[in-house]
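*Asks:* Structure incoming, see below.
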Amino acid sequence: MAAYFQDYLLHLADNAVILGQRNAQWCGHGPVIEEDLALANNSLDLIGQARLLYQHVATVRKDGKTSEDLLAYFRDVPDFKNYTLLELPHSTALTPTSSGDRDYAVTIGRNFLYSALMVLVWDALKSSADAQLAAIASKSLKETQYHLRHARDWLVRLGDGTDESHARMQAAINHLMPYTQEFFTPSVMETAVVKTGMGVDNRTLQADWNTLVDEALVQATLKRPAAGGFVTTGKTGIHSEHLGFVLAEMQSLARAHPEAVW
Amino acid sequence: MQVDATPSLLRLPDGPIAKKQPNEPFYAIWNLLESVADPEIPVVNLREMGILRVVRQTATGLEVVITPTYSGCPAMSQMEDDVVNALSQAGVAARVLTQIAPAWSTDWMTAEGREKLRAYGIAPPHPSGCGTAAANVIQFASKKVAADATMTVLCPQCGSENTTETSHFGSTACKALYRCLSCLEPFDYFKPY
């Protein structure tokens, strides 16, 4: 049972660190300087949340060698338990007019769908049977509310914007929505921690998440696509081809210079 | 960063902490720490920011408890070092403990700290009310809410109510960018947390 709880903490931490790493890829490349700063700040919050969760795993494990750095930098693809949605690239051309290898609509769409889930998850985890996880949840909730506000505002601005921004925002949501099925498909690890009162069953949050998503999409004049097809399995360690590239970039320095300090 | 894994063991005070008086416990220590400024906003000290929570004697020595503002605040280890240095210069050995529960809130800033922020050109935060329920988020996003009088951010330069948000995120995680439509000056707003 204790192992499942550690896996659950890793799932929450890996979500935060992988999206933090992805959003940090905009640093120096933002469409406008305010958004460059916004995404860097968003990453800082997510990496801060991941640190608290990794430190908690190390404390729970009590083996004297696990550390936040070991967990972030010295695990490989099958060990990571993040949602597949979060490791996807900022995407390639989804509409005939988009170019380059980053589409800001995809970044915004992903941050919106994930933050809308996490405000509900953190709010529920404030009453986790594990006191430290409850403490981390209270802190993370405040930050995630800002992330949701930011992403939602841009979702509306782009959706209810020009023909071009509307088409690209719609294409991004169509592309991303199927991956959200993973949020609400329980895994063995989640089922176990729900029983102990330490974790939350995301299916109990699904109606509220739908409301958050639907209201925003209506305001953005976007259509909600059907989320059918393959249900991704990132949280069980079976990932898309993209995660390896994220980890290679994120882990290379720590692996080239283990235990380096400055 | 060393984080207390058993937050339930230590109850932190809620709300702003007033300047300690000479008859209060650990007055000398609190007084020394009055000189420790926030690394990113040097006009306010850690007590005025609500970051410095407790000074206490433990079995292993003197302990100063601080709480992070944002989870990823890069200034936390700097603050730990600054506290230890300020005390060691006065010949006092202490360890710094970072505890995250209850979560820091901008409501913990002192009135004096808020006034110092305003004088420095940063609009002080509104009462937070955030972090209470996810339902709050729905209100957050609407532009109509921003026009609500209770959400008006006063320009720290000219005091005008006629201001507009440029960006949710500013130079640090804790601030948003605003612009005054009266005096046309841009300014930072310390976000309620």
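*Asks:* Can you name the condition, by its number, that A:E164 falls short on among (1) away from chain B (no Cβ under 14 Å); (2) of a type outside the set (F, W, Y); (3) within 15 Å of the chain's Cα centre (by Cα)?
*Replies:* Against the list (1) away from chain B (no Cβ under 14 Å); (2) of a type outside the set (F, W, Y); (3) within 15 Å of the chain's Cα centre (by Cα), A:E164 comes up short only on (3).
Table: residues versus (1) more than 10 Å from chain B (Cβ to nearest Cβ); (2) in a helix (DSSP H, G or I).
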{"position": "A:L37", "(1), (2)": "no, yes"}
{"position": "A:N41", "(1), (2)": "no, yes"}
{"position": "A:R51", "(1), (2)": "no, yes"}
{"position": "A:V57", "(1), (2)": "yes, yes"}
{"position": "A:D69", "(1), (2)": "yes, yes"}
{"position": "A:A72", "(1), (2)": "yes, yes"}
{"position": "A:R75", "(1), (2)": "yes, no"}
{"position": "A:K81", "(1), (2)": "yes, no"}
{"position": "A:L94", "(1), (2)": "yes, no"}
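Table: residues versus (1) within 30 Å of A:V121 (Cβ to Cβ); (2) assigned to a loop (DSSP other than H, G, I, E, B); (3) within 14 Å of chain A (Cβ to nearest Cβ).
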site	(1), (2), (3)
B:Q57	no, no, no
B:V64	no, no, no
B:P68	yes, yes, yes
B:P74	yes, yes, yes
B:S77	yes, no, yes
B:N85	no, no, no
B:P102	yes, yes, yes
B:R114	no, no, no
B:P125	yes, yes, yes
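*Asks:* Would you confirm whether any residue within region A:203-211 is open to solvent by less than 40 Å² (accessible area, probe 1.4 Å) and of a type in the set (G, A, S)?
*Replies:* Within region A:203-211, not a single residue is open to solvent by less than 40 Å² (accessible area, probe 1.4 Å) and of a type in the set (G, A, S).
*Asks:* Report, ordered by the first and then the second residue, all pairs with beta carbons closer than 6 Å, sequence separation of six or more or different chains, a first member in region A:119-146 that is more than 7 Å from every other protein chain (Cβ to nearest Cβ) and within 17 Å of A:F5 (Cβ to Cβ), and a second member that is of a type in the set (K, R) and open to solvent by 10 Å² or more (accessible area, probe 1.4 Å).
*Replies:* Listed pairs, sorted by first residue: A:A134/A:K126; A:A137/A:K126.
*Asks:* Right, another one. So which of A:A3, A:A40, A:A93, A:A24 ends up being surrounded by fewer than 21 Cβ atoms within 10 Å (Cβ to Cβ) and in contact with a Cys (Cβ under 6 Å, 6 or more places away or on another chain)?
*Replies:* After applying the criteria, what remains is A:A40.
*Asks:* I would also like to ask the following. Can you tell me which residue among A:I173, A:I108 is within 14 Å of chain B (Cβ to nearest Cβ), of a type in the set (A, V, I, L, M, F, W, C) and in contact (Cβ under 8 Å) with a residue 24 or more places away in the chain?
*Replies:* Going through A:I173, A:I108 in turn, the sole match is A:I108.
*Asks:* To continue, here is another question. Within the bounds of region B:159-169, is there any residue that is without any contact (Cβ under 8 Å) to a residue 24 or more places away in the chain, aromatic (F, W, Y), open to solvent by less than 70 Å² (accessible area, probe 1.4 Å) and within 9 Å of chain A (Cβ to nearest Cβ)?
*Replies:* Taking every residue of region B:159-169 in turn, at least one turns out to be without any contact (Cβ under 8 Å) to a residue 24 or more places away in the chain, aromatic (F, W, Y), open to solvent by less than 70 Å² (accessible area, probe 1.4 Å) and within 9 Å of chain A (Cβ to nearest Cβ).
*Asks:* Please verify whether region A:218-235 includes one or more residues that are closer than 27 Å to A:V60 by Cα, buried (at least 16 other Cβ atoms within 10 Å of the Cβ) and not small (G, A, S).
*Replies:* yes
The values are calculated or read from the model by the stated rules, or taken from the named source; none is laboratory data. Here the structure is a predicted model, which is why all the values come from computation and not from measurement. All Cβ positions, glycine included, derive from the backbone under ideal geometry; neighbour counts span all protein chains shown. In case anyone asks, the SASA skips ligands and DNA or RNA and just uses the protein heavy atoms, side chains included. Shrake-Rupley method; radii C 1.70, N 1.55, O 1.52, S 1.80 Å.
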